[in-house]
Amino acid sequence: TGYQTAKKMFQDVNILVFYFPFDISLSVKKALNAIKPAAVIIIENDIWPNFVWTVKKKEIPLIWANARV
């Protein structure tokens, strides 16, 4: 899977690879509070409105790459 490939590719560098939280405001807030990202890069075709809104509200830079919008 993509998750297993990413874990293997980034095992020797300081990059956190994790499953995306459900797009429910509470789980998104908890995930962002725990991770405290300096920036977010989404390489995904799906739109995650609660996640994007929460990232924007927290003023975290967001890059959406390879997405169909």
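The values are calculated or read from the model by the stated rules, or taken from the named source; none is laboratory data. All figures in this text were calculated on a predicted structure; none of them were measured in a lab. Note that each Cβ is placed from the backbone with ideal geometry, even for glycine, and that neighbours are counted across all protein chains shown. SASA here: full protein model, heavy atoms, side chains in, ligands and nucleic acids out. Shrake-Rupley method; radii C 1.70, N 1.55, O 1.52, S 1.80 Å.
Between Phe18 and Thr1, the modelled labels are 1.6 nm apart [label points 7 Å from Cα along Cα→Cβ].
Per 0.36 nm of contour for each residue apart, how much would the distance between Ser27 and Val40 grow if the chain were fully extended, relative to their Cα-Cα spacing?
3.1 nm is the gain from fully extending Ser27 to Val40.
Based solely on its DSSP helices, what 222 nm [θ] is calculated for the chain when runs of n ≥ 4 H residues each add -39,500 (n - 2.57) and the sum is averaged over all residues, nearest 500 deg cm²/dmol?
-11500 deg cm²/dmol
The residues of the chain expose, per residue, 82 Å² of accessible area to a 1.4 Å probe.
Here the chain is treated as an ellipsoid with the same Cα gyration tensor; its semi-axes, largest first and in whole Å, are 20, 15, 12.
For the chain, the number of Lys pairs with C-alpha atoms closer than 21 Å, counting only pairs eight or more positions apart or on separate chains, is 10.
Within the accessible surface of the chain, defined with a 1.4 Å probe on protein heavy atoms only, the carbon and sulfur portion equals 59 percent.
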